[in-house]
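Reviewing the structure listed below.
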Amino acid sequence: MSAGTLGIAGATALQGRTRAWTILSTLTLLALLSILIACVTGSVALSLPDIAAAVYELVHGTTSTMAATLVELRLSRALSAFVTGATLALAGVMMQALLRNPLADPYVLGVSGGAAVGALAAMLLCTLTWMIDVAAFGGAIAVSVMLYLLARRDLRGAAGADGSAPLLLLTGVILASGCGALVTLMLSVAPDNRLRGMVFWLIGDLSGTQFRLLPWIVLAGALAFSTRAARAINVIALHAEAASTLGINVGKLRSGLFLCAALLTASAVSNAGSIGFVGLIVPHACRFVLGPDHRLLLPAATLVGGAFLVLADTLARSIVAPQQLPVGVITAMIGVPVFLLQLHQLRKR
């Protein structure tokens with residue numbers, strides 16, 4: 001290879017890295033802006049000087065003014081919304097790469113159904129918030145383990161051939177159907193005073209969430225794993241049959257993607273219920289704009305998913321204030337036309 005060719009290749013690689021850092025820096029600023037918008041918006045609007053004074057109080061450990069109290073509540077909810085949206089978007093990218101299906105989303109394998117069974121069972125038996133969260137997380141993990149045990153041969157298949165994805169998907173659909181039957185049964189026998197809260201949880205609601213460290217740890221760990229494996233994910237997403245001949249341990253990578261996606265879904269659903277469309281439309285939109293390279297797609301979808309859910313939740317609690325809507329309604333109302341528009345653009349291309 002000549003020196004000129006090497007120079008062109010090096011310049012192209014440098015240009016690609018510069019583009020990636022520019023995009024990620026811009027998305028990070030937009031994510032921070034979405035959190036700021038969430039802090040100033042609500043039934044009681046706050047100005048930027050109010051926000052600055054409230055932040056000063058919070059830094060010094062006091063909340064003596066109403067502005068400081070509102071910022072503390074809104075910031076906690078905005079951070080919960082961001083980590084939930086980022087988690088769902090990252091899980092969506094992983095599921096679409098794992099199943100080699102652009103229509104896959106975090107809920108496609110029935111993990112959210114297990115979380116719903118656990119959460120609704122806890123709501124029927126007790127009203128402690130932490131018990132509901134633990135039960136939802138436990139139900140999601142239980143379904144994930146069951147699915148892994150039933151489909152581990154397909155996940156570990158050396159070729160990652162097209163035959164393995166439908167079998168994995170079919171197993172997930174069957175488990176989701178069973179969980180759906182249990183959810184219907186519990187809704188049928190639930191007392192009226194608990195039915196509203198159960199329905200809101202199923203739709204997706206952030207009104208009762210509080211800042212917790214565990215979802216951030218799960219998100220950081222999954223993002224670190226997927227970013228490190230991004231080159232290999234590119235190969236199995238586009239050329240799964242030839243991946244093993246290129247030195248990629250396909251079975252290990254597919255198992256890692258499945259376990260990370262399941263853990264991310266369990267974390268998101270236990271934190272805020274079943275919020276739809278985030279894990280479907282955000283990866284689609286990012287892939288449509290930025291391309292299929294997972295080295296950029298994974299962190300970009302994470303940032304966009306977090307910012308999207310923060311803004312959607314801000315709308316949910318502001319559009320008919322002081323009444324609050326489930327954020328899952330807002331994401332569905334936005335997600336359906338956006339997804340149809342994306343499909344139309346893909347047909348034109």
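The values are calculated or read from the model by the stated rules, or taken from the named source; none is laboratory data. Only a predicted model underlies this, so the values are computations on that prediction, with no experimental measurement involved. Every residue, glycine as well, gets a Cβ built from its backbone with ideal geometry; the counts of neighbours run over all protein chains shown.
The table that follows gives values for the structure above.
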quantity	calculated
Scope the range 248-266; condition surrounded by 20 or more Cβ atoms within 10 Å (Cβ to Cβ) and more than 18 Å from T227 (Cβ to Cβ); matching residues	V250, A262, T265, A266
Answer residue from the range 145-195, given it is acidic (D, E) and part of a helix (DSSP H, G or I) and is modelled with the highest pLDDT among those	D192
Output for the range 285-322, where each listed residue is without any contact (Cβ under 8 Å) to a residue 12 or more places away in the chain and hydrophobic (A, V, I, L, M, F, W, C)	V289, I319, V320
Residue match in the range 79-91 (condition: touching a His at 6+ places or on another chain (Cβ under 9 Å), closer than 24 Å to L150 by Cα and outside any loop (DSSP other than H, G, I, E, B))	no
Filter result for R19 (exposed (fewer than 15 other Cβ atoms within 10 Å of the Cβ), of a type in the set (K, R) and either part of a helix (DSSP H, G or I) or touching a Phe, Trp or Tyr at 6+ places or on another chain (Cβ under 9 Å) (or both))	yes
The range 321-348, residues that are of a type in the set (S, T, N, Q) and under 18 Å from G197 (Cβ atoms)	Q323, Q324
Pair list, Cβ < 7 Å and 6+ apart or interchain, from the range 336-349 residues that are β-branched (V, I, T) to residues that are at pLDDT 80 or above and surrounded by 10 or more Cβ atoms within 10 Å (Cβ to Cβ)	V338/I281
Filter result (over 14 Å from S80 (Cβ atoms) and either touching a strand residue (DSSP E or B) at 6+ places or on another chain (Cβ under 8 Å) or of a type in the set (S, T, N, Q) (or both)) within the range 186-238	S188, N193, S226, T227, N234
Residue check for V278: surrounded by fewer than 24 Cβ atoms within 10 Å (Cβ to Cβ) and out of contact with any Phe, Trp or Tyr (no Cβ under 6 Å at 6 or more places or on another chain)	no
Every pair of residues 6+ apart whose Cβ atoms lie under 6 Å, when the first sits in the range 210-223 and is surrounded by 13 or more Cβ atoms within 10 Å (Cβ to Cβ) and in a helix (DSSP H, G or I) while the second is of a type in the set (G, A, S) and modelled with pLDDT of 95 or more	L219/A86
Any hit, the range 232-246, residues being under 26 Å from C39 (Cα atoms) and among the β-branched types (V, I, T)	no
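Residues checked against (1) in contact with a helix residue (DSSP H, G or I) (Cβ under 6 Å, 6 or more places away or on another chain); (2) crowded, with 24+ Cβ neighbours inside 10 Å:
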site	(1), (2)
M94	yes, yes
L98	yes, yes
Y107	no, yes
V111	yes, yes
A119	yes, yes
L128	no, no
A142	yes, no
